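Worksheet for the structure shown next.
The values are calculated or read from the model by the stated rules, or taken from the named source; none is laboratory data. The structure displayed is predicted, hence computed values, not measured ones. Neighbour counts are summed over all protein chains in view; Cβ atoms, including those assigned to glycine, are modelled from backbone coordinates with ideal geometry.
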């Protein structure tokens, strides 16, 4: 069976209407709901597993878990127009729910679901309004939807507004503010919360003791009802109770993650895309033929055949290397001294941001915490309020935008914090636009008399050198890495540029190649791409140089005069072109009466989904850099 046909017949969906004034489900209603739940769950397992097969990852557990709630919501929409017919969801990674709804409504061909998260499929890792046919909202980042839903309720006062949530999304501070407004204004918002005690890093009941989503919402003044999410009678009874209550209410549905999926049930691994092997076993167990299984086993990751020159074939994950580098610094301290001097706070992303290494090697300094970036950053800063103590904080670069006010507060209090923001730029960001880490210069919000530097190493060796140099420096320090692995930069003789003998000095740019005809200035993951482009034009006789500007917000006077007196300068970065280095570098040149031809290349488009496709989509691949070099050199 090919990808041109979706093998699970969604036309078997049984439309029913449920009246919340009726407290009991009939046997016919329960039978129809059960059939719909099985149909939806099988479909979600199949098409989210294509993400695992294709290598673009994804999320199965969240949308799979909330299928019973979804089936009931659709039946309520069939019953009455007083229910606003949008299934808002503050957990954007549960996007499979929205794509399934788009297929059910006929806005999306069912077979297109088999291209889940694939590049240019318009099925990215979070729902994006205006991109995918049938999708009715953009979820943004985790825990950001409820405040917006409050506004929808204010605009539609005669309607009941639903919003799916989770015990993970409810950890975000936005929801506390949303709860207070909803209660104060008696908004008819109904939260349907999946409480499966699973997030990326583990179980909230273990890493966030005392947290109870139901008690939290009750404390804010919401009506709270608890139900068994896998028992239709219990679930419907919960719906009836919150729908017959005027004002904001939450239905908390308990269940294990991925109920009924052998190998994933109750596990944090269910948060991710279901592995192909487990999906195959599930589908076979449900009686699907080999032709359905073949769809998954025949999908292969898209190859990336481009061979870069000027860097190694071997790759390393700088986000993981951050943890290794910090651990090496801590190795120089006794465990007692380390525990007294350093605190590393995680925000449920330790496996993604490199902190897991620190957790394993130096548990004495590690503090697991929840999805609470603002509070966790401030706690790290508060630990570093003592001039001889140092906080370490890490999360995704996209979430840097969430903590800007807290950064200012820490700066005003002269706190010592080392901040690592992984998943910077756009490379291999299948979660797409809302997860792009492209506005990192927002962290450079101190006044000119404050030293607070931003660092983006070009490879793992430079990451090691930067951490060794800056770890115990005072004040706020920010270091960035990508989701994608990067190669090591090579010298012309084939040795590693940042290898033996290299010493990092904050503010000192690295001249990778000297050039007489112009310079490309890059940092982070764009260095090896720019290096490839520069080497190729040099082979054509165009003597262009390359500078690695790993300290982003500090001018190296010697280097800027070198590049500024050449015929042209091109800044190449994977940050937002509007807010990144390129938007500043031209000003720095003019301030020094340096007037080369100038251009800057950065992120300019919303994402295309997929992995390696994101870079050429932004015209940041080596060939695009070469074209820009040629245009300025003429």
Task: Answer from 160, 183 - the residue that is farther than 17 Å from residue 252 by Cα and touching a strand residue (DSSP E or B) at 6+ places or on another chain (Cβ under 6 Å) - done: 160
- [ ] Determine whether region 439-453 contains at least one residue that is at pLDDT 95 or above and either outside the structural domain of residue 386 (by TED's automatic domain parsing) or within 19 Å of residue 529 (Cβ to Cβ) (or both).
- [x] yes
TODO: Please determine, by comparing only the residues of region 267-280 that are within 27 Å of residue 195 (Cβ to Cβ) and modelled with pLDDT of 95 or more, which one is surrounded by the most Cβ atoms within 10 Å (Cβ to Cβ).
DONE: 274
- [ ] Quick one: which helices (runs of 4 or more DSSP H) lie wholly within region 22-95 and hold at least 3 residues that are in contact (Cβ under 8 Å) with a residue 60 or more places away in the chain and farther than 25 Å from residue 281 by Cα?
- [x] 67-79
Task: Boolean, residue 90 is farther than 29 Å from residue 291 by Cβ and out of contact with any helix residue (DSSP H, G or I) (no Cβ under 9 Å at 6 or more places or on another chain) - done: no
- [ ] Select, from 534, 527, 544, the only residue that is assigned by TED's automatic domain parsing to the domain that holds residue 355 and in contact with a helix residue (DSSP H, G or I) (Cβ under 7 Å, 6 or more places away or on another chain).
- [x] 544
Open item on the list: Scan region 307-315 and tell me whether some residue there is closer than 30 Å to residue 118 by Cβ, free of Cβ contacts under 8 Å to residues at least 12 places away in the same chain and more than 26 Å from the chain's Cα centre (by Cα).
Closed with: yes
TODO: Could you check, for region 390-410, whether at least one of its residues is touching a helix residue (DSSP H, G or I) at 6+ places or on another chain (Cβ under 8 Å), crowded, with 24+ Cβ neighbours inside 10 Å and part of a loop (DSSP other than H, G, I, E, B)?
DONE: no
- [ ] Among the candidates 460, 465, 430, single out the residue that is closer than 20 Å to residue 505 by Cα and out of contact with any strand residue (DSSP E or B) (no Cβ under 9 Å at 6 or more places or on another chain).
- [x] 465
- [ ] Could you look through region 593-616, keep only residues that are in contact (Cβ under 8 Å) with a residue 40 or more places away in the chain and assigned to a helix (DSSP H, G or I), and pick out the one that is surrounded by the most Cβ atoms within 10 Å (Cβ to Cβ)?
- [x] 614
TODO: Only residues that are under 24 Å from residue 203 (Cα atoms) and buried (at least 17 other Cβ atoms within 10 Å of the Cβ): list them for region 244-266, please.
DONE: 250, 251, 252, 253, 254, 255, 256, 257, 258, 259, 261, 264
- [ ] Would you confirm whether any residue within region 141-151 is touching a strand residue (DSSP E or B) at 6+ places or on another chain (Cβ under 9 Å), part of a helix (DSSP H, G or I) and over 26 Å from residue 218 (Cβ atoms)?
- [x] no
Open item on the list: Based on this model, can you work out whether residue 123 counts as surrounded by fewer than 19 Cβ atoms within 10 Å (Cβ to Cβ) and farther than 18 Å from residue 194 by Cα?
Closed with: no
TODO: Pick out the one residue from 191, 148 that is in the same structural domain as residue 214 (by TED's automatic domain parsing) and surrounded by fewer than 24 Cβ atoms within 10 Å (Cβ to Cβ).
DONE: 148
Task: Members of region 411-426 found to be within 18 Å of residue 578 (Cα to Cα) and either at pLDDT below 95 or in a loop (DSSP other than H, G, I, E, B) (or both), listed by number - done: 424, 426
- [ ] Tell me, please, whether a residue that is within 29 Å of residue 66 (Cβ to Cβ) and exposed (fewer than 15 other Cβ atoms within 10 Å of the Cβ) can be found in region 311-328.
- [x] no
- [ ] Please give the number of the condition residue 565 fails out of (1) more than 20 Å from residue 424 (Cβ to Cβ); (2) in contact with a helix residue (DSSP H, G or I) (Cβ under 7 Å, 6 or more places away or on another chain).
- [x] (2)
Task: Index of the failed condition, residue 210 passing every other in (1) in contact with a helix residue (DSSP H, G or I) (Cβ under 9 Å, 6 or more places away or on another chain); (2) farther than 18 Å from residue 87 by Cα - done: (1)
Open item on the list: Being in contact with a strand residue (DSSP E or B) (Cβ under 7 Å, 6 or more places away or on another chain), surrounded by 21 or more Cβ atoms within 10 Å (Cβ to Cβ) and not in a loop (DSSP other than H, G, I, E, B) is the filter here; which residues of region 228-242 pass it?
Closed with: 235, 238, 239, 242
TODO: Please specify each residue of region 580-589 satisfying the condition of being closer than 15 Å to residue 565 by Cα, without any contact (Cβ under 8 Å) to a residue 60 or more places away in the chain and touching a strand residue (DSSP E or B) at 6+ places or on another chain (Cβ under 9 Å).
DONE: 586, 589
Open item on the list: Can you pull out every residue in region 61-80 that is in contact with a strand residue (DSSP E or B) (Cβ under 7 Å, 6 or more places away or on another chain), surrounded by fewer than 24 Cβ atoms within 10 Å (Cβ to Cβ) and over 16 Å from residue 25 (Cβ atoms)?
Closed with: 77
Task: All helices (runs of 4 or more DSSP H) inside region 172-222 with 3 or more residues being within 24 Å of residue 350 (Cβ to Cβ) - done: 173-184, 204-207
Task: Out of 501, 515, 494, sole residue that is over 30 Å from residue 610 (Cβ atoms) and touching a strand residue (DSSP E or B) at 6+ places or on another chain (Cβ under 6 Å) - done: 515
